[in-house]
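Here's the structure we're looking at; comments come further down.
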Amino acid sequence: MPKGLGEFEQMVLLAVLHVKGDAYGVPIVDEIERRTGRKVSRAAVYVTLRRLEARGLVSSWMSEPTGERGGKSRRCVRVEPVGAEMLRESRRAMESMWGDLDPESVQDAP
Amino acid sequence: MSASPPGPLRRLLARALPSDVREGIVGDLDELYGARRRQGGATRAALWYAGQVLAISGRFAAERLRDDLAARSSSVGLDLKLGLRMLVKYPMLTLVGGIAIAVATAIGVGASEFVRDLLAPSLPLEDGERIVRLYQLDADAGGSTPASLYDLEVWRASISSLEELGAYVTLEQGLVSDRGDVGTVSLARISASAFRMTRVPPHLGRFLIEADEHPDATPVVVLGYDAWQTLLSGDPDPTGRVVQLGGMPTTVVGVMPEGFGFPLMQNAWVPWRADPADLQPGRAPRATLFARLAPGATLTSAQAELDIAGRRAAADFPEIYGRLSPKLSAFARRASGGRLALVLSGVGLLFVFLLVVACANVATLVFARTVTREGEIAVRTSLGATRGRIVSQLFAEALVLVGAATLSGMLLTRVTLGRIGRLFFDVQQAPRPPFWWNDALSPGTIAYAIVLALVGALMIGVVPALKATGGDVQTRLGRISAGGGQLRFGGVWTVVIVLQIAISVAFLPLAVSQAGTAFENPLLTGFPADAFVTAQLGRDPSVPLRTEAEETLFLEGSQRLFQEVRDRIATDPTVQGVALASGLSAMNHIGSPVEFVGDGSSPPISARARTLLVDRSYLDLMGATPIAGQSLGDADFGPNTRAVVVNQAFVEHALGGRNPVGGQLRFSEREGEASIVTTPAQGASVDIVGVVRNPGVDVFGPGAHAVIYAPLDLAPVTPRAVGLVGMPQAPATQLFLRMRPGAPPLAGRLYGMVGAVDPTLRLSEVGTLGEAWRPVHMGSRIGAWIFMSVGAIVLMLSVAGIYALMSFTVSQRTREIAIRTAVGAGRRQIVRVIFGRAVVQLLAGVALGSLVAVPVLRDGVADEGPGSLVVVSTLLIVAGLAACTVPVRRALSIEPAAAIKSE
């Protein structure tokens, strides 16, 4: 049985999906920070992307070299179908756990 | 101006990143650095960049570490699985190596645990390590001596580091229940504080209290669980029942729970009622003292207080206490830390030696196996496996073998340790092991075995692996593809073969010889040992002799008292005969030097013989009838006696068959032996008046020992000579009874008969001669089995090792043999060359081993030694030559053309 996705892994995968155009390190980090309002460790994002790729949930390719990057290529990422399925599964699991709980009433529970 | 990040940081980042993500991440940071530099300036951008480099490098380093650990743990698992497969794939190696290591482990672990339990056990009582034993160190005697009840009184009042101080003596006592059940109990006359100190509540009723110690209190006894079960049939309400204990009506007040045996293995406790008049320095009864360390006190603080008390006593009573210094130690500890460490390291060395011998042999076999896997190893190396990886795989394989063997060895120890312990205490003639004796292996011993297993695995796995993986891969592959390996059993292996044979030849005949001696039991089988009852007769240690005059009086009267006991027992209708002899303490006595002076026509003969002092009835009772001269007659017993008789074994072993009747014997110097009653005085000269048959059994145990029988009156009787001074239990003598066939057991009544002659006399170690000696015999048999097992394993390993070594050294020369054949060498010549070398190695080993074995065997008494030397040598030579045969035949059958072609 494949290992489920951690919270941070879900964020990274969702960020990849949200980014318009080529998704690579810089916009992925920006996307997470913009949507969550939290500072994110760039190192953690790179390590997570590498692990997700090793698990086959994302794949990557090198873009054409660009001048603004000192002639270096971008490592662009895309979510693979299996990664998308695991994201859906994670969401289902969460929704099932929430069920008909009212998010507003959770804090009032004893 | 360049917008690139600082070069060194950039290089550092590039180096820290894995190659697959390097370009992407470095590019990302370049991009971000450029943007930041434009917004905030070069310095701020550089600082930010440095922070990112550190964070990302650290993160990826941690990631790499995690991956490495995960990979390693999975490869360890794989290696262990391969190791298990190897065990199955090479069953002979598994069996031979496994048994050898398991037995070496069992012996080593068992011996180490046994010594630990014997010398420094832990008491299975609450805070048992805080229970201490107190004694006096005697500067004159150079050893410890029991403290006295006077010391107890003084220390109770003055030592605050100790609480519940008390004293005990132990003795065996006959017990007759109110319903007529008779038995013997191991009794402790003990202070009531013992029970509070041990913190063990009674199973039934109560334990002893201080009021019981009052001289006018009703005599009471607390019984142990087993005594309650056997003598009171486990009566659920035993309190209040009155039993006869040593002939005295005594009320049972309680039963202690199962397993409780304080102070040693007692199963009955009576209060110690000391007469206050006895509590004088130098006169108070001696006893073993015990106490519990008070809360917060340590051994050191208690010892410091004892030192002060000792100095005070020495100042008050210099004659008595001047040479004594009070000491304390953990209660059951029988050796100081230093001595224990010495003994343990001695035992440890034995273990290490056994294990090294076993592992060295197994390593040889594993090396031979590794040779067959040389191709596999070379191919794996060429496919990228590092040397470390292959070595660790071979180590893991060895670890599986050694681990399984060590585990089996420890299980074997766990199963047998208890039995061996019980046998050991049987041999010591203790009714049962001390209450703290247990079969479990201590954590220290287990840790020790694990460490040695790892060392063994290193020897077995790593040494051959390093040899197999050394050198250049290309060369190895080349050689292997050409049909031959590069591994050679070179000069080192010649030395190994020679040493292997030498050790086997030196050790095995000794093992066979020792075992043969232990299995000899020519006399016990035909002798009605169970018809004889024997017991030690002495004084009750808790009834002190108050004055020196009393001591002298007792000494002078002791022989008369003992004879009175003998005569009284002789009147019992169930008894066929009774005799007295000097004590069984001579059990391990190796004999004293004596000089036989014949009629003057030949030089004196020096010999070693045991001397037994006997009464008028002893020789007749034991069936030692005269075969030359005469036996000891009435006239030989008296103050001026000089007559002795010797047995057949003495004539055969000591005199080489010469007729000694009419000759004289002189007792030589004592070699530091304590002067006990068993031997006449040094320099005494006696006349041999006869030679008697070897009796079936005597105090020296079964077997034909050279013995001189002298009249009991021959020994000098002084307080020091009989060990009365400082020793509560001496003097003692051994009582021998022959029961009439079919007579009921006598033990219970025997105590009554002795008590009736004198209530201060006591019997101990009552049992039949069979019971007395069978455990000793059994002990030596077990020793012989251990010796034989080790011997058999050495032989098995040697034969297997030599076969493997020989067969591999010869198979390595296959090509050489084929080429020799091709260039015209005759088959005969080749066989001579190959076998010649093997024979030289084998004979060199046999010669080297014989150098050790022959002189030792020459001194031995068993006849099996030389024969077994020949057998062992022949077996090893045959194994070695057989090992050469198969590869030589194979080599000779190769077509010369094929051999040259493959070259």
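The values are calculated or read from the model by the stated rules, or taken from the named source; none is laboratory data. This structure is a prediction, so every number in the text was calculated from the model and none was measured. Neighbour counts run over all protein chains shown; Cβ positions are idealised from the backbone, glycine included. With ligands, DNA and RNA removed, areas are computed over all heavy atoms of the protein, side chains included. Shrake-Rupley method; radii C 1.70, N 1.55, O 1.52, S 1.80 Å.
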Filtered residues of segment B:14-32 (kept if free of Cβ contacts under 8 Å to residues at least 40 places away in the same chain, buried (at least 18 other Cβ atoms within 10 Å of the Cβ) and farther than 11 Å from B:ALA3 by Cβ): B:VAL21, B:GLU23, B:GLY24, B:ILE25, B:VAL26, B:GLY27, B:ASP28, B:LEU29, B:LEU32
Residue list for segment A:32-47, restricted to those being open to solvent by 20 Å² or more (accessible area, probe 1.4 Å), away from chain B (no Cβ under 11 Å) and either part of a helix (DSSP H, G or I) or on the phi < 0 side of the Ramachandran plot (or both): A:GLU33, A:ARG34, A:ARG35, A:THR36, A:ARG38, A:LYS39, A:VAL40
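Is it true that some residue in segment B:58-68 is more than 14 Å from every other protein chain (Cβ to nearest Cβ) and of a type in the set (A, V, I, L, M)?
Step one: of segment B:58-68, the residues more than 14 Å from every other protein chain (Cβ to nearest Cβ) are B:68.
Retained after the next criterion (residues that are of a type in the set (A, V, I, L, M)): none.
No.
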Failed item, numbered, when B:GLY310 is tested on (1) among the small types (Gly, Ala, Ser); (2) open to solvent by less than 20 Å² (accessible area, probe 1.4 Å); (3) over 23 Å from B:ARG130 (Cβ atoms): (3)
Criterion: in contact (Cβ under 8 Å) with a residue 60 or more places away in the chain and over 36 Å from the mean Cα position of the chain (by Cα) - qualifying residue of B:VAL242, B:VAL252: B:VAL242
Output for segment B:547-584, where each listed residue is modelled with pLDDT under 65 and buried (at least 17 other Cβ atoms within 10 Å of the Cβ): B:GLY583, B:LEU584
So A:SER90, is it among the hydroxyl-bearing types (Ser, Thr, Tyr) and either within 14 Å of chain B (Cβ to nearest Cβ) or open to solvent by less than 40 Å² (accessible area, probe 1.4 Å) (or both): yes
Strands (runs of 3 or more DSSP E) lying entirely in segment B:87-179 (those with 1 or more residues that are of a type in the set (D, E, K, R) and either surrounded by fewer than 17 Cβ atoms within 10 Å (Cβ to Cβ) or in contact (Cβ under 8 Å) with a residue 24 or more places away in the chain (or both)): B:131-138, B:162-176
Qualifying residue in segment B:751-765 (condition: under 25 Å from B:VAL103 (Cβ atoms), modelled with pLDDT under 75 and outside the structural domain of B:VAL578 (by TED's automatic domain parsing)): no
Complete set of residues in segment A:17-28 that are outside any loop (DSSP other than H, G, I, E, B) and away from chain B (no Cβ under 14 Å): A:LEU17, A:HIS18
Selected residue [hydrophobic (A, V, I, L, M, F, W, C), in a loop (DSSP other than H, G, I, E, B) and either open to solvent by 30 Å² or more (accessible area, probe 1.4 Å) or within 14 Å of chain A (Cβ to nearest Cβ) (or both)] from B:ALA50, B:ALA3, B:ALA35: B:ALA3
Exclusive hit being outside any strand (DSSP E or B), surrounded by fewer than 17 Cβ atoms within 10 Å (Cβ to Cβ), modelled with pLDDT of 85 or more and in contact with a helix residue (DSSP H, G or I) (Cβ under 8 Å, 6 or more places away or on another chain), set B:ALA217, B:ALA211: B:ALA217
Criterion violated by B:ARG44 - all others in (1) within 14 Å of chain A (Cβ to nearest Cβ); (2) open to solvent by 50 Å² or more (accessible area, probe 1.4 Å) satisfied: (1)
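Rundown of residues vs (1) modelled with pLDDT under 80; (2) buried (at least 17 other Cβ atoms within 10 Å of the Cβ), yes/no style:
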{"site": "B:ALA396", "(1), (2)": "no, yes"}
{"site": "B:VAL400", "(1), (2)": "no, yes"}
{"site": "B:VAL415", "(1), (2)": "no, no"}
{"site": "B:LEU423", "(1), (2)": "yes, yes"}
{"site": "B:PHE435", "(1), (2)": "no, yes"}
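Would you check which residues across segment A:48-79 are in a loop (DSSP other than H, G, I, E, B), open to solvent by less than 50 Å² (accessible area, probe 1.4 Å) and either of a type in the set (D, E, K, R) or more than 8 Å from chain B (Cβ to nearest Cβ) (or both) and list them? Steps first, please.
So the first thing to find is which residues in segment A:48-79 are in a loop (DSSP other than H, G, I, E, B), and the list is A:55-57, A:63-65, A:70-71, A:73-74.
Applying the additional criterion that residues be open to solvent by less than 50 Å² (accessible area, probe 1.4 Å) yields A:56-57, A:63, A:71, A:73-74.
Once the filter is applied, which keeps residues that are in a loop (DSSP other than H, G, I, E, B), open to solvent by less than 50 Å² (accessible area, probe 1.4 Å) and either of a type in the set (D, E, K, R) or more than 8 Å from chain B (Cβ to nearest Cβ) (or both), segment A:48-79 yields A:GLY56, A:LEU57, A:SER63, A:GLY71, A:ARG74.
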Any chance B:GLY444 is surrounded by 18 or more Cβ atoms within 10 Å (Cβ to Cβ) and at pLDDT 80 or above: no
Count of segment B:618-637 residues which are part of a loop (DSSP other than H, G, I, E, B) and at positive phi: 1
